[in-house]
Structures are given as C-alpha cells and as structure tokens.
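Structure first, commentary second.
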Amino acid sequence: MESFKSFLIPIDGSASSERAALKAAALAHTTNATLFLLYAAELRNGPMPQHHIKEEDLPDDVKNTLKENGEIVLQRIFNKLPSDIQERTTCHVEVGPPRKVILEFAQKLSPDLIIMGTRGLNPAEAIVLGSVSQAMIESKICSVMMVH
C-alpha cells in the first residue's frame, strides 16, 4: 500500500459511494494519501442513457444549479471524513455523464487508486450500458477498489 499516494473517489450521493469515501479515508491514514472527491453532475429527462442532456445544451443557470447540488453532496461526505484526512482532500464537481467525467478526470489526474461504490443511483443505465464501476475497471487507468 505504500505506493498508493492519491485516491480518486467518485461520489454520486449513494450510500455505496459514501462507504467508498470512508474506506478511502481509512486507507489514507496508513498511506498518507491525498483524496480527490469527484461528483459528476448531469441532467436527464428520463432514466435511460439516451435521456442525458449534453452539457453544451444546458443554460448556464442550470449548470450552476447542478454544480451547487454536487457541492452539497460532496460537502456532506467531506464533513464525515476525519479532520486530518480533510486537510488532504479536495472536492471537484464536473458537469457531464458520470462514466465520461470520471474517466477524463482520472486520465488527467493519474491517481494511484480509484475507490468507488459498487452501486450507484442509476440501475437502468447499468442494465443497458454496464455499470460505471465496470467501465472504470475496464479502463485500466489505474487500480480500482470496489466497496460494497
């Protein structure tokens, strides 16, 4: 575990993603790792992937509201982390589909480990396209830890 110095934790507001953040915090105690909490803010007009509304089609006020909601979710998780871990944690909100946002952020950041929950908030998409967690595993950007 000594080589794991940065963790990316995708957060979607689910209990599973909260457990992933808490597991990352516990691991960060032993590795002195930096945590990056990431929320992918998206707008849909239905439950299926084709209902995703492209970022460029969103008015600025809608984008701002999505980001504000993401910041609220991240702050709730951040507040549950031990204070020494909070000092090494940054929160990020990006607008777009979670799969795309997380992959792009991970490619840019090059974390040592992605720690994420096994169940998100969109089971309908998982049936059609496969889960976001499965996409992270298949991306081979870095090691991935799944938290139940």
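Could you give me the residue pairs with C-beta distances under 8 Å whose first residue belongs to region 1-16 and is modelled with pLDDT of 95 or more and surrounded by 20 or more Cβ atoms within 10 Å (Cβ to Cβ), whose second residue is among the aromatic types (Phe, Trp, Tyr) and assigned to a helix (DSSP H, G or I) wherever it lies, and which are 6+ apart or on separate chains?
The qualifying pairs are Leu8/Phe105.
In the set Leu81, Leu66, which member is at pLDDT 95 or above and surrounded by 12 or more Cβ atoms within 10 Å (Cβ to Cβ)?
Of Leu81, Leu66, the one residue that is at pLDDT 95 or above and surrounded by 12 or more Cβ atoms within 10 Å (Cβ to Cβ) is Leu81.
Tell me which helices (runs of 4 or more DSSP H) are completely within region 95-139 and hold 1 or more residues being of a type in the set (A, V, I, L, M) and modelled with pLDDT under 85, or say none if there are none.
Once the helices (runs of 4 or more DSSP H) in region 95-139 are filtered for at least 1 residues that are of a type in the set (A, V, I, L, M) and modelled with pLDDT under 85, what remains is 123-129, 132-139.
Do any residues in region 40-57 that are surrounded by fewer than 11 Cβ atoms within 10 Å (Cβ to Cβ) have Cβ atoms under 7 Å from those of residues that are modelled with pLDDT under 65, where the two are at least six apart or on different chains, and which pairs are they?
Asn45/His51
Please give the number of the condition Pro111 fails out of (1) out of contact with any strand residue (DSSP E or B) (no Cβ under 6 Å at 6 or more places or on another chain); (2) under 21 Å from Ser143 (Cβ atoms).
Failing condition for Pro111: (1).
The values are calculated or read from the model by the stated rules, or taken from the named source; none is laboratory data. Since the model is a prediction, treat every value here as computed from it, not as a measurement. Here Cβ is always computed from backbone atoms with ideal geometry, including for glycine, and neighbour counts include all displayed protein chains.
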